[in-house]
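Following: one structure in structure tokens, then a few remarks.
The values are calculated or read from the model by the stated rules, or taken from the named source; none is laboratory data. The structure displayed is predicted, hence computed values, not measured ones. When we count neighbours, we look across all protein chains shown, and the Cβ atoms used for this are built from the backbone with ideal geometry, even at glycine. Heavy atoms of the whole protein, side chains included, go into the accessibility calculation; ligands, DNA and RNA do not. Shrake-Rupley method; radii C 1.70, N 1.55, O 1.52, S 1.80 Å.
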Amino acid sequence: MHALNAFLFSIYRRQFFNFSFKITRVKTVLATMSKHKLNPNASSDQPAAKKGYWALGLIDSMKDPELRVEEDDKVVVIKDKFPKAEFHFLILPKLEISGILSLRKEHEDLLKHMDDVAKNMTEKYSHKEFKIGYHAVPNMQRLHLHVISTDFNSPCLKTKVHWNSFTSPFFKSSQSIRKELRENGKIKKMSCEECDGYLKRPLQCHKCKTFPKNMPELKRHISTHT
Ligand code: AMP
Ligand code: ZN
């Protein structure tokens, strides 16, 4: 009788653990999905399930001759692999800095240098306007400065999150990041609520402030500005 009880208990325990394991898996998948939805690059760029791996992709791309544009002793300039405009470069320091939240006073000169390199890049394409700055909450590891032309003419620009990540205050100009670092010695993390508000806000043209209803309409509209 005792053996039967023990046997039944072991079956019950196994089923209980299987059940709680499945619940934990479902919670993890849901968390990944919701993070992916807020991910400014989310679409077909990268599979959510591999986030841990692809978030390190810029470090590989710094060595990729197909993507590398130029380098000096402090930085590497690469082409964005999923450009959101006709010209979209990323400037990465050779020094390992994981992102804007790791910036400290001692990095001020490096940021100025990155800015100078960015301006140099834009001068090569002087027929274009550019935005130079950082995403408040980047997806990718390793500090990277976006240098992006404001035509936003690219098949990789697909979602409202893509659009808002470059045209709302979620995109922090290099000047504002440098000022904050100069004044406070570090960069304050943007709250999830604030990020969410910017990334989910209605589509709005960055040039004339009209409100297109959806991405195809936005794309048609912005093409009239070029
Ligand atoms: P974020 O981290 O949000 O500031 O932006 C990361 C940028 O890196 C996006 O514009 C992506 O299109 C781009 N990107 C993603 N993976 C790669 C990669 N492996 N090589 C180069 N650029 C990438
Ligand atoms: Zn417009």
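Yes or no: segment 52-74 includes at least one residue that is among the hydroxyl-bearing types (Ser, Thr, Tyr), within 15 Å of ligand 1 (Cβ to nearest atom) and assigned to a helix (DSSP H, G or I). Give the derivation first.
Taking segment 52-74 as the starting set, the residues that turn out to be among the hydroxyl-bearing types (Ser, Thr, Tyr) are 53, 61.
Restricting the remaining residues to those that are within 15 Å of ligand 1 (Cβ to nearest atom) gives 53, 61.
Filter once more, so that each one left must be assigned to a helix (DSSP H, G or I): 53, 61.
Looking through segment 52-74, at least one residue is among the hydroxyl-bearing types (Ser, Thr, Tyr), within 15 Å of ligand 1 (Cβ to nearest atom) and assigned to a helix (DSSP H, G or I).
Select from segment 204-223 the residues that are over 15 Å from Ala85 (Cβ atoms), within 11 Å of ligand 2 (Cβ to nearest atom) and either assigned to a loop (DSSP other than H, G, I, E, B) or among the β-branched types (Val, Ile, Thr) (or both) and list them in ascending order.
Gln204, Cys208, Lys209, Thr210, Phe211, Pro212
Using the structure shown, decide if Leu92 is outside any strand (DSSP E or B), within 21 Å of Phe170 (Cα to Cα), of a type in the set (A, V, I, L, M) and away from ligand 2 (no atom under 16 Å from the Cβ). Steps first, answer last, please.
Values: outside any strand (DSSP E or B): no; within 21 Å of Phe170 (Cα to Cα): yes; of a type in the set (A, V, I, L, M): yes; away from ligand 2 (no atom under 16 Å from the Cβ): yes.
The answer is no for Leu92.
Residues being within 16 Å of ligand 2 (Cβ to nearest atom), under 14 Å from Tyr198 (Cβ atoms) and open to solvent by less than 10 Å² (accessible area, probe 1.4 Å): count how many of those fall in segment 143-167.
So the count comes out to 3.
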